[in-house]
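Right, one structure below, let's go through it.
The values are calculated or read from the model by the stated rules, or taken from the named source; none is laboratory data. Everything numeric here is computed off the predicted structure, so don't read it as measured data. All Cβ positions, glycine included, derive from the backbone under ideal geometry; neighbour counts span all protein chains shown.
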Amino acid sequence: MSVSITAIRQPFEQEMKEYDRVFASIMASNVTLIDTVVKYIVKHKGKNLRPLLVIMSAKLIAPPRSNTYIVASIVEMLHTATLIHDDVVDDADIRRGFPSINAVWKNKIAVLIGDYLLSKCLIGGTETGNLEVMRLLAEASKRLSKGELLQIERSRTLNITEEEFIGMISDKTAALLGVASELGALTVSDDPRDRANMKAFGENLGIAFQIRDDLLDYFGSQKLIGKPVGNDFKDKKLTLPLIHAFGKAPQKEVKAIRKMIKKGVTKAQIREIIQFARRYGGIDYARRMQEHYVEKAREAIAPYPDSIVKKAMIQFVDYVVERAR
């Protein structure tokens, strides 16, 4: 059993408090509606995994600096903005077990709040005084949009190769974890090797994270993961277990499953699709691929001397792939 995220955070409590302070100051506005929605976001925000990743990646190399906390705040704002926009695109009513922004305030306000957070990211980036921070954020934003658009395109045809899928999740999920780690390094080090190592750590962790997220759609519970199980099938999203199973199953069965997903699935059909993926080795294969990327993440921080920070980063990897939500 992996250690809890609370235990992993413990060596970084002081840094996370400083992050909370900086994040609150950047998010503040003089508009009541914005402050009300922001307060709701803060109240129901997740586990701060991305800001923690920024701080860990910096502290592995050297003590965090003021820009480290600004960058951690920017990364979390970018992440939150993409989630808000995703919920609008997906017409999702639930986020982390609570009503989504669009469910509470409707689409128009949700889109504008997402835009507000993105503009705050740009302002925060300029406050670091480092053009490279802006470039990396812009590149990550581009990759996030590209990954989401590819997923939408493929949901129409229900046809995607494993290589395309890994590329897609590299963009839509791993890009943000990769840039979080790389920016953490950038705030404390001028050595390009530190940046490359931290980027590799975050990107590989991000791919493993997304594969785990996809697997939870097969065997998680709505109460735990905060969204309905089988949601990917309802949204016509193909993930690694099903992609692999499609390559192993007879074409007649593959066509039947594709037809089922295209028409819209019932609860009974969701169970049938899960059994199909299990029968043709898709779930076991996805678990093996998850472990492959986990190992690559561990290798990226192997050159650094053993420390409390390095131990926490290894535990962080374990947490990400063993989580139940």
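Number of residues in region 8-65 that are among the hydrophobic types (A, V, I, L, M, F, W, C), part of a loop (DSSP other than H, G, I, E, B) and touching a residue at least 60 places away in the same chain (Cβ under 8 Å): the value is 3.
A count restricted to region 72-111 and to residues that are of a type in the set (Phe, Trp, Tyr) and under 15 Å from residue 45 (Cβ atoms) stands at 1. When residue 66 is tested against (1) among the small types (Gly, Ala, Ser); (2) in contact with a Leu (Cβ under 9 Å, 6 or more places away or on another chain); (3) surrounded by fewer than 24 Cβ atoms within 10 Å (Cβ to Cβ), exactly one condition is not met: (2). Does region 78-87 contain at least one residue that is at pLDDT 90 or above and either within 29 Å of residue 300 (Cα to Cα) or not polar (S, T, N, Q) (or both)? Checked against the condition, which is being at pLDDT 90 or above and either within 29 Å of residue 300 (Cα to Cα) or not polar (S, T, N, Q) (or both), region 78-87 yields at least one hit. Filter region 270-298 for residues that are surrounded by fewer than 16 Cβ atoms within 10 Å (Cβ to Cβ) and either out of contact with any helix residue (DSSP H, G or I) (no Cβ under 9 Å at 6 or more places or on another chain) or polar (S, T, N, Q) (or both); which is modelled with the lowest pLDDT? Only one residue fits best here, namely 271.
Of the residues making up region 109-122, those that are in contact (Cβ under 8 Å) with a residue 40 or more places away in the chain and surrounded by fewer than 16 Cβ atoms within 10 Å (Cβ to Cβ) number 0.
When residue 84 is tested against (1) in contact (Cβ under 8 Å) with a residue 60 or more places away in the chain; (2) among the β-branched types (Val, Ile, Thr); (3) in a helix (DSSP H, G or I), only condition (1) is not met.
No other residue among 243, 301, 211 is at pLDDT 90 or above, within 26 Å of residue 100 (Cα to Cα), out of contact with any Pro (no Cβ under 6 Å at 6 or more places or on another chain) and buried (at least 19 other Cβ atoms within 10 Å of the Cβ) apart from 211. Among the residues that make up region 251-262, is at least one of them in a helix (DSSP H, G or I), crowded, with 20+ Cβ neighbours inside 10 Å, among the small types (Gly, Ala, Ser) and without any contact (Cβ under 8 Å) to a residue 60 or more places away in the chain? No, region 251-262 contains no residue that is in a helix (DSSP H, G or I), crowded, with 20+ Cβ neighbours inside 10 Å, among the small types (Gly, Ala, Ser) and without any contact (Cβ under 8 Å) to a residue 60 or more places away in the chain. Within region 32-41, at least one residue is under 18 Å from residue 124 (Cβ atoms) and out of contact with any Ser or Thr (no Cβ under 7 Å at 6 or more places or on another chain). Residues in region 140-163 that are charged (D, E, K, R), in contact (Cβ under 8 Å) with a residue 12 or more places away in the chain and exposed (fewer than 14 other Cβ atoms within 10 Å of the Cβ): 156 only. Checking region 81-97 against the condition returns no match, with no residue being crowded, with 17+ Cβ neighbours inside 10 Å and within 23 Å of residue 307 (Cα to Cα). Restricting region 29-57 to residues that are over 19 Å from the mean Cα position of the chain (by Cα), surrounded by 12 or more Cβ atoms within 10 Å (Cβ to Cβ) and of a type in the set (A, V, I, L, M, F, W, C) leaves a set whose member that is farthest from residue 76 (Cα to Cα) is 33. One residue stands out among those in region 266-324 that are in a loop (DSSP other than H, G, I, E, B) and among the charged types (D, E, K, R): the one that is nearest to the chain's Cα centre (by Cα), which is 323. Taking first residues from region 274-295 that are of a type in the set (Lys, Arg) and partners that are at pLDDT 95 or above and not in a helix (DSSP H, G or I), no Cβ contact under 7 Å between residues at least 6 apart in sequence or on separate chains turns up.
Residue count for region 102-130 under the criterion of being modelled with pLDDT under 85 and within 18 Å of the chain's Cα centre (by Cα): the result is 1. For region 159-169, the condition of being in contact with a Leu (Cβ under 9 Å, 6 or more places away or on another chain) and part of a loop (DSSP other than H, G, I, E, B) holds for at least one residue.
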